[in-house]
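Here is the structure we will look at, set down as structure tokens.
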Amino acid sequence: MNNPEISVIIPVYNEEESLPALFERLFPVLDGLKRPYEVIFVNDGSRDATLPLLLREQKRCSDRVKVVDFNGNFGQHMAIMAGFGCARGKMVITLDADLQNPPEEISRMVQCVDEGHDVVGTVRKVRRDSLFRKTASRLVNRLTNRITGLSLRDYGCMLRAYRRDIVDIINESAETTTFIPALAQKFAINPIEIDVAHSEREKGQSKYSLFRLIRLNFDLMTGFSLAPLQAVTMSGMLISLLSFLFAVFMFIRRLVVGPEAEGVFTLLAILFLLMGVTISCIGIQGEYVGRIYQEVRKRPRYVVRKVYGAWEERDGHA
Ligand code: UDP
Ligand code: MG
């Protein structure tokens, strides 16, 4: 297919168990749209049978399936970035491979783009994840909106559609650490969010450990806001002011009551608290500095081992 209207990008990392069901459900939905489409699978350094499964599917529908094979694990957002780099559709849809986002929702998203929306976000109506993930993500969504000044109801749901002009802008922002839904939202003029169904992960496990989730959220915060740095400065100023007032009070007290040396443990507690605050503040600065360092080293953001697909490649290393 030479001029696909719709490109579907799917990042895949160790999803051998989910892939057969994905193929079975995705292709009928796309065929049903009756428009030329392409599907780009990005294999993000899987160590299981993911690649052979993808390649078999690519052979079967070689006119509309492309497989971009990374030479390591560069993360979901980089995988999507690589997909964006070679997508040719007038609209691009991203989807997880684990079928937690039902492919059946794609037609509604396409309809929204047709109606003139440049970014279509989705909100998981009834979320099928652990209570811990749900509560944490509710808090994080709220906090992130506060900090970044964006307004997304569900940052975590990667079933999204982007119009060509937005994809072009994202391709121009060659960031090493990023969070694609937030990036798109920043450039969108007429975004919309629709409610979609959400299923439990039936096969395999989530690829995000708690540690990885925290790191991803730091990418989001540092990538889209300087508010944490300003909060550090403000709290430093507040603590200094309070300490000054306290010192004046202690000085007067010393003149009135005389020297006192009790309450050592209270003092220790306050000291430890302030030490914790100080270390966290250095950490927050470090999060920014580390990302600046990554950015200035200018290493490739991801490395493509090979691209399997009939049509030519627009973007190899990036
Ligand atoms: N994924 C990826 N690289 C990674 C982690 C995840 O390409 O380093 C893919 C994964 O295969 C899936 C999607 O990103 O298609 C979302 O991952 P997952 O379902 O594990 O995340 P969760 O739904 O638990 O947030
Ligand atoms: Mg999932």
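We did not get these values from a lab; they are worked out from the coordinates using the rules stated. Nothing here was measured: the structure is a model prediction, and the numbers come from that model. Neighbour counts are summed over all protein chains in view; Cβ atoms, including those assigned to glycine, are modelled from backbone coordinates with ideal geometry.
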Counting only DSSP beta bridges with both partners in the chain, the antiparallel fraction in percent, to the nearest 5, comes to 30
For helix 227-257, report the angle its Cα long axis makes with the longest principal axis of the Cα atoms of the chain; keep it between 0 and 90° and round to the nearest 10°. 10
Hey, what do the phi angles of the range 139-148 turn into as Karplus ³J(HN,Hα) couplings, whole Hz, using 6.51/-1.76/1.60 and θ = phi - 60°, x for Gly and Pro? 4, 5, 4, 5, 4, 5, 4, 4, 6, 8
Arrange the peptides 15-22, 249-256, 56-63 so that the one whose residues have, on average, the most other Cβ atoms within 10 Å appears first. 15-22, 56-63, 249-256
Run the reach check for Lys134 against lysines, Cα to Cα strictly under 17 Å, same-chain hits fewer than 8 apart removed. What comes back? Lys125, Lys207
Enumerate the lysines that Lys306 could reach by cross-link, defined here as Cα to Cα under 19 Å, with residues fewer than 8 away along the same chain left out. Lys59, Lys66
Which ³J(HN,Hα) values in Hz, rounded to whole numbers, follow from the phi angles of the range 38-44 under the Karplus curve 6.51 cos²θ - 1.76 cosθ + 1.60, where θ = phi - 60° and Gly and Pro get x? 9, 10, 10, 8, 10, 7, 8
